[in-house]
Amino acid sequence: MKILLTGKDGQVGWELARALAPLGEVVAFGRSELDFTVPDQIVSAMRSVRPDVTVNAAAYTAVDRAESDPDTARLVNASAVAILAEEAKRAHALLIHYSTDYVFDGTKETPYVEEDPPCPINVYGRSKLAGEQAICSIDGPHLILRTSWVYASHGRNFFLTVLRLLNEKGDLRVVSDQIGAPTSAQELAKATAELLWRHGARTLGDARGIYHATAAGSTSWYGFANEIAQLERPDSLDRIIPIASREYSTPARRPGNSRLSNEKLLRRFGIALPAWEACLEACHATLAGKRAELELSSGNRGAERS
């Protein structure tokens, strides 16, 4: 199986490059090799690689910046995705694409299912919805995996931001009235690889459509921050202060309810991500291992110099 992976340097893409490697030949592109704002580069990459599967982890993910840069957000998240979908269909290749809870407005009181009508409330959500719609209208073999609140032990994300702030002075004011499922990039990548390994590209292509793929369970950003602190610095829990969304002004509005039902993914493919707490603990352990390696390496260099 030949797999073309985009966005290899992002949180999910970095994990995918490792998770997909045992399944076949992975040809991975970062932004420096494949710029989604240049359509010809997408066509050239797809036609030169001729993949059996294309996994698209490239995206414009700067939610707040998108409010003042809507053209670029739509170019990357919709127009480029449409070209990728056309080329995948032309090559008879399965396209796996990641989307977001932000396609919903967050007013529903129960978890969203795939059949709920989207109603994004910010530019980022609208651009991601346009990408979904392009893929579905082109109708080649595809899976769209909607996920939420992605974090990893690398990159820029809420998990690492909280870790940094815990080691600084002062209180952490964290929104407590937005609910969702913190989802580990590593576990999302593992689930993607498991889908391909267990079912194969042809079967997945025949089951084309939208599926939700988040960690099990849910919490608020405040609850997420507390769990991070419990793992990193339990003595700092009293510094984390819950606030309402209206007290934390951002250019882009966020959904109040970002919970996604994963029942369809489990029922159709037998795939389920672990509970968000277990995923967070594993991610924190991975980061702790990286820190230990770095400290050991630094100590060895110091010994060599002395």
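Any read-out appearing in this document is the output of simple, stated calculations on the displayed coordinates, not a laboratory observation. Since the model is a prediction, treat every value here as computed from it, not as a measurement. Ideal geometry is used to build each Cβ from the backbone, glycine not excepted, and the neighbour counts take in all protein chains shown.
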Problem - Under 14 Å from LYS190, Cα to Cα: aspartates and glutamates that are on another chain or at least 8 residues apart - result: GLU15
Exercise for the section: Tell me the Kirkwood hydrodynamic radius of region 49-101 in angstroms, computed as one over the mean inverse distance between distinct C-alpha pairs. Expected result: 12.0
Problem - For region 2-17, Karplus couplings with θ = phi - 60° (6.51, -1.76, 1.60), whole Hz, Gly/Pro x - result: 9, 10, 9, 10, 9, x, 5, 8, x, 4, 6, x, 4, 6, 5, 4
Completion exercise
For region 39-176, the Kirkwood Rh over every pair of distinct alpha carbons, in Å, works out to 16.6
Completion exercise
Taking the chain and counting helices only, DSSP H stretches of n ≥ 4 at -39,500 (n - 2.57) each over all residues, the nearest-500 ellipticity at 222 nm comes to -14000 deg cm²/dmol
Problem - Projected-area mean, region 30-74, by convex hull of Cα positions, square nanometres - result: 3.6
Problem - Efficiency of FRET from Cβ geometry, ARG267 and ARG291, R₀ 41 Å, rounded to 0.05 - result: 0.55
Completion exercise
Once phi for every residue in region 249-266 is put through the Karplus expression 6.51 cos²θ - 1.76 cosθ + 1.60 (θ = phi - 60°), the whole-Hz ³J(HN,Hα) values, with Gly and Pro written as x, are 6, 9, x, 9, 6, 10, x, x, 10, 10, 6, 10, 6, 9, 5, 5, 4, 5
Practice task
Over all directions, average the projected area of the Cα convex hull of region 179-306 and note it in nm².
Solution key: 12.5
Practice task
Place a label point 7 angstrom from the Cα of ASP206 along the Cα-to-Cβ direction, then list the residues of region 81-97 whose backbone nitrogen is under 18 Å away.
Solution key: 92-95
Exercise for the section: Please get the size of the charge dipole for the chain, origin at its Cα centre, with Cβ charges of +1 on Lys and Arg and -1 on Asp and Glu, quoted in debye to the nearest 20. Expected result: 420
Exercise for the section: Output the Kirkwood hydrodynamic radius of the chain, Cα pairs only, in Å rounded to one decimal. Expected result: 20.1
Fill in the blank from the handout: The long-range amide H neighbours of TYR112, using H built 1.01 Å from N in the peptide plane and a cut-off of under 5 Å, are ARG259, LEU260, SER261
Completion exercise
For ALA28, the residues 5 or more places away or on another chain with a placed amide H closer than 5 Å to its own amide H are LEU5
Exercise for the section: For region 109-244, just list the percent of Cα-Cα distances falling in each 5 Å bin from zero outward, please. Expected result: 2, 9, 15, 18, 18, 14, 10, 7, 5, 2, 1
Practice task
Using R₀ = 25 Å, calculate the FRET efficiency as 1/(1 + (r/R₀)^6) where r is the Cβ-Cβ separation of ASP40 and GLU114; round to 0.05.
Solution key: 0.15
Completion exercise
Along principal axes, largest first, the alpha-carbon spread of region 171-218 in whole Å comes out as 51, 20, 13
